[in-house]
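The structure appears below as structure tokens.
Every number here is computed from the coordinates shown, using simple stated rules; none is lab data. Not measured: the values here are computed from a predicted model. Methodologically, a virtual Cβ is constructed for each residue, glycine included, from the backbone with ideal geometry; neighbour enumeration extends over all protein chains shown.
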Amino acid sequence: MRGIMESLYEMFIFRRENKFLNNVDPRMKFLTLIILMTPIFLTMNPLFYMAMFLFLLFQTFTLANSRRIFFSLKGIVKLLIMFYIVIYIFNAYPNFLNLEAAYFSFISIFRFFLLVYMFTLFFTTTYIDDLAQALYKLKVPYHVAYALVLSVRFVPTVAKDIIQIYDAQRSRGLELDKGGFFERLRKMLPILIPAFIISILRVDFVAEALESRAFRSSPKRTFMTELELRKHDIVYILLSFAYVLTTYTLIEGEVPFLTWM
Amino acid sequence: METVIEVRNLSYMYPGGIVALKNVSLDVYLGEKLVILGSNGAGKSTLIKHFNGLLKPQRGYVKVFGVDTRKASVAELSRKVGIVFQNPYHQFFSEKVWDEVAFALKNFGYSEETIKYRVTKVLRLFDLYDYADKSPFELSSGEMRRLAIASILAYDPDIIVLDEPTVGQDRIQKEKLKEYIRLLSLQNKTIILVTHDIEFVTEGFDRIVVMSNGMVVGEGSPREILYDEELLRKANLILPQIPEIALKMGDSAVFKKKPLTEDELLSLIVDILGVGK
């Protein structure tokens with residue numbers, strides 16, 4: 001559990017880094033995310049998935065802080081292995097030695113993993129303030145954008161709380177890895193209850209803090225640094241689009257986006 | 001003196017790449033009242049999480065009563081080392097104060113009879129017995145803090161680690177806390193207090209270890225450490241009030257005796273002025 005929470009913390013924590021992806025306009029990055037994501041839902045071809053995986057890997061190594069991204073993914077991979085087992089059991093039932101089920105379960109998990117990887121790449125390289133501004137510029141009312149951004153902003157805070165709670169309860173002799181399935185579920189209560197209570201209390205603090213700083217007193221919002229599209233943002237989205245287009249056409253034998261229209 | 005915790009060349013880096021501990025070596029002796037002093041981010045909390053195996057050494061080792069923490073579970077080590085964490089909200093989950101104190105005892109497999117005896121004893125010690133059937137969340141912040149300590153003391157660990165216990169506490173609460181620490185010390189418990197509250201440690205402790213940037217930068221008696229302006233500055237701390245006044249007085253007699261409490265300073269001033277002679 002500690003590992004998963006540490007990964008979540010690392011994924012969503014605000015940290016400025018001078019890497020290419022961190023400097024791409026969040027609007028373009030979000031659009032690229034959609035371009036990369038869409039074909040994944042339209043094919044189950046492992047070759048195409050592999051091509052996408054290599055593309056993400058390339059971006060991780062050349063355009064972002066790879067160490068941070070791999071660490072964010074590490075905890076989630078553990079979860080995916082658990083999901084794989086569950087999906088396999090459902091697919092294979094009642095014949096548990098089933099190669100076909102193993103294959104389809106793998107494809108489903110691979111698809112899910114790619115999505116998680118894309119979102120990880122997006123969130124580890126996007127500043128939360130820029131995201132709020134991007135949403136505002138896309139005509140989302142600022143209080144709605146802010147609420148969305150706030151929910152992302154608090155992921156590392158809650159993850160950190162859960163790590164602290166986990167440590168505190170283990171220090172009082174709680175052993176989560178002992179006992180049967182239901183026993184282990186019951187042992188989650190000493191971790192979940194304080195986490196909920198702290199989160200509920202925090203909602204109140206945040207609401208008060210926002211009100212005391214006159215949130216929503218003016219309908220128009222200005223920003224210290226304005227987001228603006230630059231050349232490299234366009235290059236990034238165009239290259240990503242070209243990659244998806246080429247690999248999909250080569251592997252699937254049809255042109256994506258165009259044939260769907 | 002018997003060593004209860006032995007830390008050697010301990011290094012630890014957090015997953016995000018932040019180095020929290022660099023080559024830390026430290027001995028904690030049986031029955032002593034030790035302070036680990038340092039500003040925020042000095043690595044104090046990371047260090048104490050190694051004492052009961054919550055974090056395992058990446059380099060170097062930590063031995064608790066001779067047992068290497070890498071070879072023991074958190075539950076086994078926690079029986080010897082009780083850590084009271086900074087924020088009581090991070091541990092309370094029971095409906096009643098009583099259950100909160102009994103939680104660790106149940107986890108460690110004590111009999112119903114022992115649990116009843118120990119919970120009653122510790123609740124009485126901390127003036128919480130009248131609240132036994134109340135929700136922990138109905139308590140005041142001082143009472144919560146006491147309950148957090150009580151819930152650790154209930155299973156009687158030999159070493160008690162208090163992580164920033166003075167945060168958000170008024171002076172009266174701090175004085176009470178000092179009194180509890182004294183009481184525990186009388187029972188021959190080893191106390192480790194982790195804090196950045198330099199005023200709190202001027203009285204009642206045997207030794208101070210100063211940490212900064214993940215390293216131990218100084219170690220000595222409170223009188224040595226709390227008068228070492230350069231060391232404290234290096235650790236991003238400032239002198240406590242009494243040493244600061246004493247140093248500003250510039251009197252060699254005062255400086256020689258290094259007063260730490262109001263009473264000590266006052267008696268020196270009385271001596272210098274010759275009042276009452």
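So here's what we get for this one:
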| item | result |
| --- | --- |
| Protection proxy ranking of A:155-165, B:191-201 - average other beta-carbon atoms within 10 Å, highest first | B:191-201, A:155-165 |
| Max mean-square fluctuation residue, GNM over chain A, Cα-Cα springs under 10 Å, options A:F154, A:F205, A:F119 | A:F205 |
| Percent antiparallel among DSSP beta bridges (both partners in the protein assembly as shown, rounded to 5) | 50 percent |
| Whether chain B is rounded, prolate or oblate, judged on the alpha carbon gyration tensor where a/c under 1.5 counts as rounded | oblate |
| Test item: B:54-67 mean partner chain Cβ contacts at 10 Å | 1 |
| Cα gyration tensor shape of the protein assembly as shown, rounded if a/c is under 1.5, else prolate or oblate by comparing a/b with b/c | prolate |
| Long pairs among B:K56/B:K134; A:K74/B:K56; A:K178/B:K56; B:K234/B:K258; A:K74/A:K137, criterion Cα-Cα beyond 28 Å | B:K56/B:K134; A:K74/A:K137 |
| Segment A:F41-A:F96, extension gain: residue separation times 0.36 nm, minus the distance between their alpha carbons | 17.1 nm |
| Hz values of 3J(HN,Hα) by residue in segment B:20-27 - Karplus curve (6.51, -1.76, 1.60), Gly and Pro given as x | 9, 9, 10, 6, 8, 10, 6, 10 |
| In Hz, Karplus ³J(HN,Hα) per residue of segment A:35-41 (6.51, -1.76, 1.60; θ = phi - 60°; x = Gly, Pro) | 4, 6, 6, 3, x, 4, 7 |
| C-alpha center-to-center spacing [segment B:65-139, segment A:132-193] in angstrom | 24 Å |
| Prolate/oblate/rounded call for chain A, Cα gyration tensor, a/c under 1.5 rounded | oblate |
| Protection-proxy order for peptides B:49-56, B:116-123, each taking the mean of Cβ atoms within 10 Å per residue, highest first | B:49-56, B:116-123 |
| Segment B:1-47 and segment B:204-235: distance between their alpha carbon centers, rounded to Å | 13 Å |
| Value of relative contact order over segment B:1-97, rounded to a whole percent, pairs C-alpha under 8 Å and six or more apart | 28 percent |
| Net charge over other residues, Cβ less than 13 angstrom from the Cβ of A:M28 (K, R count +1; D, E count -1) | +1 |
| For a label point 7 Å along the Cα-to-beta-carbon line of A:M50, residues of segment A:104-122 with backbone N under 19 Å | A:104-115 |
| Number of partner chain Cβ atoms within 10 Å, mean per residue of A:187-197 | 3 |
| Cβ-based net charge around A:K187, under 13 Å, with every Lys or Arg adding one and every Asp or Glu removing one | +3 |
| Hz values of 3J(HN,Hα) by residue in segment B:59-67 - Karplus curve (6.51, -1.76, 1.60), Gly and Pro given as x | 9, x, 8, 10, 10, 10, 6, x, 9 |
| Under 5 Å, built H, 5+ apart or other chain: amide partners of B:I36 | B:L193, B:V194, B:T195, B:V209 |
| Sites B:E112 and A:E211 - FRET efficiency at Förster radius 41 Å, r taken between beta-carbons, to 0.05 | 0.25 |
